[in-house]
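Here is the structure we will look at, set down as structure tokens.
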Amino acid sequence: MDINNADNTNGSPDSSSPFLEFKTSIPENGLVLAWLTRDNTKPIRPEPGSALHTRFGSFQHGSMISSKYGTQLASSSSTQAGFIYLLHPTPELWSMSLPHRTQIVYTPDASYIVQRLRIRPGSRVIEAGTGSASFTHALARTVAKTGRVWTFEFHEPRFQMAEKEIEDHDLDCIVKCSHGDVCKNGFIPAFEEILDASAVFLDLPSPWMAIPHLKKVISKDKIVRICCFSPCMEQVQRTIEVLQKEGWLDIEMVEVSCKRWEARKEMIRQPEDAIERLRDIKRRRNEGLRKRNERKLAEEQNQEALSEAQESEEGGIDSGSTARESGLKRKAEEAVSETAAEEEATTPTEKHIQDKPFLPSEYNPWGKGKRVHEGEAGYEWKDVSKVEAELKSHTSYLTFAYLPPPFPDKG
């Protein structure tokens, strides 16, 4: 709504919003997030006759409708055997898939801000700087059906796109969008209702200009908490100066850094298996050398027999001698054939102890064979965790403070 044309309609929240209530199956034209890779998630609304085309294959919308959220959907393409996951919308996943119109508040910052501002179901929150509306979705889910969120955006195209997304996601009865400059005009002209907010989030280039306008719209009978999202230290300094001047207390600047933890299963490798593996390598090496020597000897015998037979023919040796040479040649060829047959008959299974799975280093010993999946039965596993070496730095500095309610006048 425009800052000079406020809409004060009060409706009840639409329970069909996927960001407020979890649904088990995907409805027709309902929002679903198609998870392609870790860094690629696409929001779609399944319609009969349509399809999602990706480098992993084609996925028919008709196969998505009525499927369970979390389903792994295989490609319908005959040439590409890929798959995707159909995920239920959440503010965290939405921040990964939404079209970025501005720098957004990511999950590590968003969760910390919500906790520090003590936002809960029923809270009344003011947000200035809607941007891509990523954090707006997180606020709407937290305040739930009994709370309210008022969000302000100065840039009109961003305001229009954010307002449309809020309406498409059935959050417009919780979230009120407004277009205007809160730094100059304040928060009151946007709405005719009493805001009485207990939490304030300012994502503005000049938050210190909007802070003096807050006392007209925040609660007068409870503690009000504020967070300012600023990328530069100079902005933080000016914000702190104004907060102190306006009577805000317990001012604190926080920088959020995080690491990603990975949990998985790792196969337990016993020392006996390692020793047996070394013995098996030595056995196969000796067996290979023995067969190579036998094959080489057979080839030498064969070559010698051929040479003698050729000399017999040239020297006019009688037929009896020639027959003997032919017999030697045939025996040499049979020896070579028997050696090759033995090599083909030898299988990896014969080299292992009976009723014992492949050793860890022999999952794929010759480029074909058995692939052991994580947690597969027949092996001993343990749960392990691994932390990333890289520390994810902040996107902005967070400045927190609170304003106590005024003391009552003494009568």
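Listed here are the pairs LYS176/LYS220; LYS145/LYS220; LYS259/LYS386; which of them are more than 19 Å apart at the Cα?
LYS176/LYS220; LYS145/LYS220
Using label points projected 7 Å from each Cα along Cα→Cβ, tell me how many nm separate SER257 and ASP383, to one decimal.
2.9
What dipole magnitude, in Debye to the nearest 20, does the range 113-241 give about its Cα centre under +1 on Lys/Arg Cβ and -1 on Asp/Glu Cβ?
Dipole of the range 113-241, to the nearest 20 debye: 700 debye.
Let's see if you can work this out: charge +1 on each Lys and Arg Cβ, -1 on each Asp and Glu Cβ, no other charges. What is the dipole magnitude of the range 17-119 about its Cα centre, in debye to the nearest 20?
160
Report D for the range 145-241 in µm² per second (integer): Stokes-Einstein, Kirkwood Rh on Cα pairs, 4 °C, 1.567 mPa s. List each step's numbers first, then the result.
Numbers: Rh = 14.4 Å.
The calculation lands on 90 µm²/s.
Taking the convex hull of the alpha carbon atoms in the range 32-87, what volume per residue do you get, in Å³?
Once divided by residue count, the hull of the range 32-87 is 68 Å³.
Hey, with R₀ at 30 Å, roughly what FRET efficiency would ALA81 and GLU47 work out to, going by the Cβ-Cβ distance, to 0.05?
0.75
Can you compute 3J(HN,Hα) from phi for each residue in the range 282-292, using the Karplus curve 6.51 cos²θ - 1.76 cosθ + 1.60 with θ = phi - 60°, rounded to whole Hz and x for Gly and Pro?
Those phi angles translate into 5, 4, 5, 5, 5, 5, x, 5, 4, 5, 5 Hz.
What is the spread of the Cα atoms of the range 30-136 along each of their three principal axes, largest first, in whole Å?
The principal-axis extents, from largest down, are 52, 26, 19 Å.
Can you give me the distance in nm between label points at SER67 and GLN160, each placed 7 Å from the Cα along the Cα-to-Cβ direction?
For the pair SER67/GLN160, the computed spacing is 3.5 nm.
Compute the FRET efficiency between LYS216 and ARG118 as 1/(1 + (r/R0)^6), taking r as their Cβ-Cβ distance and R0 = 30 Å, and round to the nearest 0.05.
0.85
Evaluate the distance, in nm, between pseudo-label points positioned 7 Å from the Cα of LYS282 and of ARG55 along their respective Cα→Cβ axes.
4.8
Since every read-out is calculated from the coordinates, none of them should be taken as a lab result. What you are looking at is a predicted structure, and each value in this text was computed from that prediction instead of being measured. Positions of Cβ are backbone-derived with ideal geometry, glycine not excepted, and every protein chain shown enters the neighbour counts.
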